[in-house]
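The values are calculated or read from the model by the stated rules, or taken from the named source; none is laboratory data. All values derive from a computational prediction rather than experimental measurement. Because the Cβ atoms are built from the backbone with ideal geometry, glycine has one as well, and the counts that use them run over all protein chains shown.
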Ligand code: ADP
Ligand code: MG
């Protein structure tokens, strides 16, 4: 056996990238979430070739100080948490300080940013470089080009441009649904595919899910102690053959969770055939100290401390929304 030695930083980052940067859509998710965390009011995404050739995200958020710019690309460097206490009640989308380092290790990455109040903007290209002055009026532009240019084995796992774009589109939708207060735009190969003005939740859901969904959905708005569920759940008439229109957010974070899926399924038990799937956009607000989001690097899984209570709450909230208003407004013949 060769002697044990420490891995180099670039190699450590590339290994971490295997977990965080699965495909262009995962880059888009991470960089979009950073823009959201930066208090942006408008975010613009530009994709080329399904995101493989280029993902460029511009925001008008708080920006990054010159002194922090190089650090932003370092592993385990974050401005979002500082202590275990912070980790236990994390309020931002990010907190691991891993994403940009991982992305920069597998793609040509630059960040241009102008911190609020700064005289002008600065730009860093890749890790280990000093920032240089750059032109930018406000906010941050993260430009990620040629994903996996240096890791051909991973590049081979990328699917067609169309498939990668579809995943990017999905990542964009998830953030856009959660943050209707932020104006968002997505352009692919020069064509605008979403232009979303800042609005309220209902309007944003209509733009992304279609008015047809809204017309065939019941509003959900239930509060019980520290738990709150809002959003829309489709009536059986709008059910689908696949689960492609199911969006569940926990404190603004899109998650896939067996417990939640089961609770919602249960609420539809008497009104939906087993082979059909409901469509929904639901937002659960819960005390952040009672949910662990640090289960998986992409944070798509969560763990609830009081999982039974959450299950019961979601089940009853959805069932009540479907039952009461559904039966009353549709004269009882909707089911
Ligand atoms: P995390 O989001 O977990 O903190 P990242 O690697 O995604 O880690 O980002 C590192 C740091 O870079 C963030 O903590 C933040 O301070 C800064 N940063 C990244 N993107 C932006 C942005 N768009 N606007 C302002 N700051 C940003
Ligand atoms: Mg981040």
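Here are a few things to note about the model shown:
- Applying the set (1) under 23 Å from residue 307 (Cα atoms); (2) in a loop (DSSP other than H, G, I, E, B); (3) out of contact with any strand residue (DSSP E or B) (no Cβ under 6 Å at 6 or more places or on another chain) to residue 244 leaves exactly one unmet item: (1).
- Of 51, 67, all but one fail to be touching a helix residue (DSSP H, G or I) at 6+ places or on another chain (Cβ under 6 Å), over 25 Å from residue 250 (Cβ atoms) and away from ligand 2 (no atom under 15 Å from the Cβ); the exception is 51.
- Filtered residues of the stretch 85-130 (kept if away from ligand 1 (no atom under 11 Å from the Cβ) and under 17 Å from the mean Cα position of the chain (by Cα)): 91
- Residues satisfying the stated conditions in the stretch 176-226, i.e. within 14 Å of residue 41 (Cβ to Cβ) and part of a strand (DSSP E or B): 183, 184, 185, 196
- Taking every residue in the stretch 248-267 that is more than 22 Å from residue 90 (Cβ to Cβ) and pairing it with any residue that is at pLDDT 95 or above and in a loop (DSSP other than H, G, I, E, B), at least 6 positions away or on another chain, the pairs with Cβ-Cβ distances below 7 Å are 264/278.
- Condition check for residue 38: within 12 Å of ligand 1 (Cβ to nearest atom) and farther than 25 Å from residue 138 by Cα: no
- The stretch 5-40 - residue that is under 16 Å from the mean Cα position of the chain (by Cα) and assigned to a loop (DSSP other than H, G, I, E, B) and, of those, surrounded by the fewest Cβ atoms within 10 Å (Cβ to Cβ): 39
- Looking only at residues of the stretch 257-295 that are loosely packed, with under 14 Cβ neighbours inside 10 Å and in a helix (DSSP H, G or I), we find that the one that is nearest to the chain's Cα centre (by Cα) is 258.
- Residue in the stretch 59-78 that is at pLDDT below 95, closer than 30 Å to residue 289 by Cβ and away from ligand 1 (no atom under 11 Å from the Cβ) present: no
- Among (1) in a loop (DSSP other than H, G, I, E, B); (2) more than 10 Å from ligand 1 (Cβ to nearest atom) - the single one residue 55 does not satisfy: (1)
- Failed criterion for residue 143 (all others in (1) surrounded by fewer than 19 Cβ atoms within 10 Å (Cβ to Cβ); (2) within 20 Å of the chain's Cα centre (by Cα) hold): (1)
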